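The values are calculated or read from the model by the stated rules, or taken from the named source; none is laboratory data. Worth saying up front: this structure is predicted, and the values here are computed from it rather than measured. When we count neighbours, we look across all protein chains shown, and the Cβ atoms used for this are built from the backbone with ideal geometry, even at glycine.
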Amino acid sequence: MVHVLGKKLPDNHLARFALTQFYGVGPKTAHRLCARFQIHDKCKVKDLTPFQITSLASFLSSPATAPPIPRYPLAPPKFLSPAPTVPLSELQAKFRESQEALVKEKAALAEQGTPAKEWNDPLKSLRIESELRNQIRENIAHQRMIGSYVGRRHAMHLPVRGQNTQTNAKTAKKLNRLDRF
Amino acid sequence: MSSSILSAATSGAASCSQRSLVASRLLVHQTRGAAQKAPAVKVAQSIGGVKKGQKDKWERKIGREYTHRQHDIPVFTRMSEDKLKLPKTDKSPAVLPEQFQPMSTSLNLPLFEPKAITRKNVGTAAGFDLTPTNPAKVFGLPKKMFLEFRILSTPCSVIRDVTVETKNKLEKAKDSSSKDSRIVLTGRAGCGKSFLLHQAVQYAKSEGWIVLYIPRAKTLINSTTTYTYDLRTQTYLQPQASYRIVEKLLTVNSDALSTLTLSAPFTLGGDQDKSKLQVFKEGTKLSEVAQACVKDKSYQSACGTLEVLMRELEGQTKFPVLMAIDDFQSLFHDTAYRDPFFRPIKSHHLSLPRLILEYASGKRNFAKGAFLSALTASDTQYAIPLELQDTLELGHRHPVSPYVQRSETLLQYASGLDAKAGGLQNLKVPEKFSVEEAQALFEVWKDDLALTNSRHDETFMAKYVESDGNPRDFVWKGVLASYAPS
């Protein structure tokens, strides 16, 4: 049994599916999360490595402040890998150097006024659970505060976007209110 | 007695009608008694699979049944205990009657042996041997073939013209580098490419080759096993899949691997914990190295071990090596694995597909041996890509737009990374069975009681024509579809 941020992830669920338990994580986001931590499609929760679980937990606790993903090099067809006698630490040091050089290069480009295009990480703006609920509540409160039609309709527990109200509108009557959560 | 009742019933008089009704009732009653008297042989009732404490309960039930039987028509006899066992526990599982047990009816086919693959024997069916270390049992089979063998009482295949041709090619390849024999079996869906590949594997195994057979290459790229990035090889390693390949390679070729030795020292678990390192000196048997890897259930050492095993197999000249890959076209697709940026990982950036592609492209070669692969034409998810269609000159089913992009890298892999070695050779598998070949197959299914109604020549010709001689259609849509409940 694995608990991540207070959510119980059942052992026999696929990891990709179990992640959708978080409010704000759907199948697509769960797939992205799995890709980020190299969790394959058929991986069950019980098969997750401790490293994967801790990194998942630390990422989900604050996605916005997660460290950027390193861009590891990929072997071209004629690549010859270094001999096994070369220690991995040496290779890592070399990679770190190249990363630093890249950072400098980017800084230089930015100074020239032509900043390099940054990859926009969609997971960076991920909000889950109470954070997402707060956001939704704030949005509704904002609408009400500025006195907009949307805000008023929310306050009246009625549909917001011009739907019929003579019949139906059940979901709106149930959910549309100023403090939804 | 019945004739008197009949006469009474047919008299037609109104006054007689009541009497006849009584009589007919009597008839029923009396015939009941007659029917019951006939099978009055009482067999001692055994209490099959009954828990000890419930014996007398059962006896009471049977006693009730016995008294009940004297008044009622159905004559119930219990199945004897040796015929049926209830699946009470794991220790005494259900036992099928003998005639339903696998391998109970064997087809008496000749064995598929190298010496049997001759021009003379074209059009005869031959069964595969079923020892537990047979490559088919260890590496598995392509799905369609697996399903067919599950129905057949003896796994077998028909020796075709192209089988003999392939055998000759492998015989030549035995003494030359695998660079010279990198073959792709092509042909329309269901024409027998996978069967031919499997025949080649069986041939090579019984000729003493070292065999690495991957019947479903799709499983290497469909995101079903673990993957991790490795800075040394700059690819994504597949520890779990590598472990399975090492395990299977060892099981099938344990004899050959135990005669080969390491040419350079090797450290198992290279980049892992220093406490878990295991050093093998030069001259250690390859089987020992593989066994050590199989023992490590964390899969961490599998990728390194597979790499070393392949390097050693490349260098040695004692045994020819056959690498046989089914579903080969799937390796020319984007994989279902995703990198941290959510881009699909290219198959040449995954360790195992890359290993296969390197042998296919001639970048790596066995000193003696061959690379043999088959395309799967019926897979719509992993269709044959343009790069392969172009280099193998397969032709296109529909005209291709000139604006469709080809991947440079995949073209390189298809047409050979080594310019001298050239590209993959195309071996076309004939589209149709010859009549003799189809006949052999028909006879196999007929002997296996797959044909329920007619077993005449007309049926054979009808099925042959209906399927246009296509082997898969001949079996699945012809022979096996002939069952019509009457």
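A few notes on this one:
- Candidates B:G304, B:G283, filtered to the one that is surrounded by fewer than 16 Cβ atoms within 10 Å (Cβ to Cβ), among the small types (G, A, S) and not in a strand (DSSP E or B): B:G283
- Condition met for B:D468 (on the phi > 0 side of the Ramachandran plot and in a loop (DSSP other than H, G, I, E, B)): yes
- Of all residues in region A:44-79, those that are farther than 17 Å from B:P340 by Cα and more than 10 Å from chain B (Cβ to nearest Cβ) total 6.
- Assessment of region B:268-277 against the conditions (among the polar types (S, T, N, Q) and within 11 Å of another protein chain (Cβ to nearest Cβ)) yields at least one matching residue.
- Any chance A:D41 is farther than 18 Å from B:Y299 by Cα, within 14 Å of chain B (Cβ to nearest Cβ) and not in a helix (DSSP H, G or I): yes
- For the residues B:L212, B:L141, the requirement of being more than 14 Å from chain A (Cβ to nearest Cβ), more than 23 Å from B:Q425 (Cβ to Cβ) and crowded, with 18+ Cβ neighbours inside 10 Å singles out B:L141.
- In a residue-by-residue description of region A:99-115, the property of being outside any helix (DSSP H, G or I) and within 14 Å of another protein chain (Cβ to nearest Cβ) applies to no position.
- Restricting region B:369-411 to residues that are outside any loop (DSSP other than H, G, I, E, B) and over 30 Å from B:G315 (Cβ atoms) leaves a set whose member that is nearest to the other protein chains (Cβ to nearest Cβ) is B:E408.
- Qualifying residues in region B:347-368 (those that are among the hydrophobic types (A, V, I, L, M, F, W, C) and assigned to a helix (DSSP H, G or I)) - the one nearest to the other protein chains (Cβ to nearest Cβ): B:L357
- Filter result for the condition that a residue is touching a Ser or Thr at 6+ places or on another chain (Cβ under 6 Å), surrounded by 15 or more Cβ atoms within 10 Å (Cβ to Cβ) and not basic (K, R), over B:T226, B:T267, B:T233: B:T233
- Meets criteria (surrounded by 15 or more Cβ atoms within 10 Å (Cβ to Cβ) and either aromatic (F, W, Y) or in contact with a His (Cβ under 7 Å, 6 or more places away or on another chain) (or both)) for A:R16: yes
- Candidate set: region A:88-97, residues that are at pLDDT 90 or above and within 11 Å of another protein chain (Cβ to nearest Cβ); chosen: the one farthest from B:R232 (Cα to Cα): A:R96
- Qualifying residue in region B:223-234 (condition: assigned by TED's automatic domain parsing to the domain that holds B:S351, within 27 Å of B:V184 (Cα to Cα) and among the aliphatic types (A, V, I, L, M)): no
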